[in-house]
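Student: Submitted below is the structure of interest, expressed as structure tokens.
Quick note: the coordinates plus some simple rules give every number you see, no bench work behind them. None of the values given here were measured: they were computed from a predicted structure. Glycine also receives a Cβ, built like all others from the backbone with ideal geometry; neighbour counts cover every protein chain displayed.
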Amino acid sequence: MQLPEQPKSAGLFAIQSWSDKKLTAFFYGTWTIITLIQAWGTELFDDEAYYWVYAKFLDWGYFDHPPMVALLIKMGSSLLPGEIGVRLFIVIVGILTIRLTELLVAPRNLRLFYALVLQMGLLQIGGILAVPDIPLLFFTVLFFIAFQHFAHIQGWKETLALSIVTALLLYSKYHGILIILFTLLSHLYLLKKPQTWAVILLSLLFFYPHINWQLNHGLPSVTYHLFERLSPPYRISFTLDYLLGQLLIAGPLVGVVVIYAAFKFKPRQPVEKAMYWSMLGVYLLFFFSSFRSRTEANWTVPLIVPLLLLGYRYLVGTNQLQQWVYRLLPFSLILMLLVRVHLLFDIPLLQQLPKGEFHQNREWTAAVKQKAGGAKVVFTDSYQRASKYWFYTGDTAFSLNTIRYRRNNYNIWPVEMKMLNKRVLVVGSTASAITGDTIKTEKLNLVSTFDQRFQSFSRITMSTSLPMQTNANGLLETIVALSAPTQKTVDSALWFRPRVMLVLYRDGKKPPIILPTGKRLFPDFENKMFIKITLPDSLREKQYKVRWALESSFVEPSVNSRSYTLVNGRIPQ
């Protein structure tokens, strides 16, 4: 088919004197320089600091994610210090993602392809952030490349390549399973071939170290996503935010054009069909999920690859929509430039804009360090602040996750043990339960107090296998199993003998209710304990979300279990 000529509105991209080779060199050279400068000069995003702590404890898995992002950060930090070290291999992987996508798309119209890439904020701005989405995107491209070969030839080389890439996709972020699932659904005939089952078995074999880590740690990622997320009641904003977020992820300005073009394309090749099914399936899955709970926009990040390939292949055959791509290009570039400048510089003229997480981290962490006066610092309910303090001061910090928060990897790492029985500075937000001195900075205000002998046992895990339901008199009888990662953790708890508590969560913004069980962890500790507790007559709701907690030297106990549903037998169901 004869491709349409370049629209006259293409501007710079209509220059025909440049060969494709020179254009490619200019595009990737400029992109690399700008991205490296951005990665070097931009302070860390909250989660980036958390993943940097991941890299200090390399493992086959973590509470929230598989280990790929930690490995990339570790590699970069071993070569370069500071933010650029954290992001070095993320930048490299991001650039390779674009290049591999280009090879997969095989665009005859490079100007159109680059115009689309330049307008995708996730690639432009997100491409510097050391988060799991970037390796996920990279291995999504490799997965589709490997699948393209496997769909045509099911040889042993193609089988092995697809198996390895499938495992690496899962090692990047769990959302990769959706790409694998919808690709398989789009080609069910492949299930009749033994090579497909070989791919499945080999992928599981390569991914087994992570599965084993999850099993050894009580499946923390599974229990968190299925049971521990205390989502507020549904609001229409959940769905509207999700829909708007998809336009921003694909654009922001060109998002409507790209998504429309991708869905208008009629897939013919196996890889096109796999991408179309993935796009349709993932979008619909999270759309329906938004009616149940808040859905993050970045959960659809792998769809950038299908959007680029399918969107390009439709746009290349239609002059009218192409013109919109080029018309929006200068506005998109100006918007990207403003965002880049805002991330790099704390400009006084932009004080009215939210500083977010990219500014003044050195200032507030230095203020906390000065207040600590050499003492270790414990942050309440904020793995983000603990991680940023650790990164920007070089001093180990700990996040004490109380009943108002959720568990995370600080419940697994041995950091807590370094703080026990020592004088620490406990720091929290102004809304926390801390009463003490205020640490004021331009970015944020914090409240702090010294704990002369810190005690916490958040590494001990408590679980209940029996259904949790009271009788008609409100009496709950249940068995709680306990586990600890090391004998040292057990010995520390034996000395302190923390009280065991049941925490009830009510609808809305009502504060949680702490119910003492009358039990102490020791000397009752025998890996399990029998607990009898009666709910107060004032509790009249049919069901409650509950979690088990242990007393600490802080005013609020630590959270030591996933969330369970407690049925109130006093109330007719």
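Student: For all pairs of alpha-carbon atoms in the chain, what percent lies in each bin of width 20 Å, listed from the first bin to the last filled one?
Tutor: Calculated P(r), rounded to whole percents: 18, 48, 29, 5, 0.
Student: Can you list the residues of the stretch 257-295 with backbone N under 18 Å from a point 7 Å past the Cα of Leu181, pointing along Cα to Cβ?
Tutor: 274-295
Student: Here's a follow-up. What value in Å³ per residue do you get for the convex hull of the alpha-carbon atoms in the stretch 469-573?
Tutor: Expressed per residue, the convex hull around the Cα atoms of the stretch 469-573 is 105 Å³.
Student: About the Cα centre of the chain, how large is the charge dipole given +1 on each Lys and Arg Cβ and -1 on each Asp and Glu Cβ? Please answer in debye to the nearest 20.
Tutor: 520 debye
Student: Out of every Cα-Cα pair in the stretch 149-230, what percent are more than 17 Å apart?
Tutor: Within the stretch 149-230, distances greater than 17 Å cover 53 percent of Cα pairs.
Student: Right, something else. May I ask you to derive the relative contact order of the stretch 361-451, considering only C-alpha pairs under 8 Å and at least 6 residues apart, and to give it as an integer percent?
Tutor: The normalised contact order for the stretch 361-451 reaches 29 percent.
Student: Gain in length, Gln370 to Leu204, computed as 0.36 nm per residue apart minus the alpha-carbon separation, to one decimal in nm?
Tutor: Fully extending the segment from Gln370 to Leu204 adds 54.8 nm.
Student: Treat the stretch 361-451 as a sphere of radius equal to its Kirkwood radius over Cα pairs and apply Stokes-Einstein at 10 °C in a medium of 1.306 mPa s; give the translational diffusion coefficient in µm²/s, rounded to a whole number.
Tutor: 122 µm²/s
Student: Using only alpha carbon pairs under 8 Å that are at least six residues apart, calculate the relative contact order of the stretch 293-444 and give it in whole percent.
Tutor: Rounded, it is 20 percent for the stretch 293-444.
Student: For the stretch 16-121, compute Rh as the Kirkwood radius over C-alpha pairs and then the Stokes-Einstein diffusion coefficient at 25 °C and 0.890 mPa s; write the answer in µm²/s, rounded to an integer.
Tutor: 159 µm²/s
Student: Here is a follow-up. Could you work out the Kirkwood radius for the stretch 197-340, taking every pair of different alpha carbons, averaging 1/r and inverting it, reported in Å?
Tutor: Computed over the stretch 197-340, the radius equals 17.9 Å.
Student: List the pairs from Lys488/Lys519; Lys376/Lys422; Lys74/Lys173; Lys173/Lys193; Lys388/Lys443; Lys157/Lys273 whose alpha-carbon separation is above 19 Å, in the order I gave them.
Tutor: As for pairs spanning more than 19 Å Cα to Cα, those are Lys488/Lys519; Lys173/Lys193; Lys157/Lys273.
Student: Follow-up question, since we're still on this one. Putting +1 on Lys and Arg Cβ atoms and -1 on Asp and Glu Cβ atoms, find which of Gln543, Thr97, Ile460 reaches farthest to the positive end of the dipole of the chain.
Tutor: In the chain, that residue is Gln543.
Student: Report, by chain and number, residues whose modeled amide H sits under 5 Å from the one on Leu400, excluding near sequence neighbours (fewer than 5 apart, same chain).
Tutor: HN-HN under 5 Å from Leu400: Phe379, Thr380, Asp381, Ser382.
Student: Separate question: By how many nm would the segment from Tyr189 to Asn212 grow when fully extended, if each residue of separation counts as 0.36 nm and the alpha-carbon distance is taken off?
Tutor: Full extension from Tyr189 to Asn212 adds 5.2 nm.
Student: When only C-alpha pairs under 8 Å and at least 6 residues apart count, what is the relative contact order of the stretch 12-164, in percent?
Tutor: After rounding, I find 25 percent.
Student: Could you list which residues have their amide H under 5 Å from that of Arg562, counting only those 5 or more apart in sequence or on another chain, with H placed in the peptide plane?
Tutor: Placed amide hydrogens put nothing under 5 Å from Arg562.
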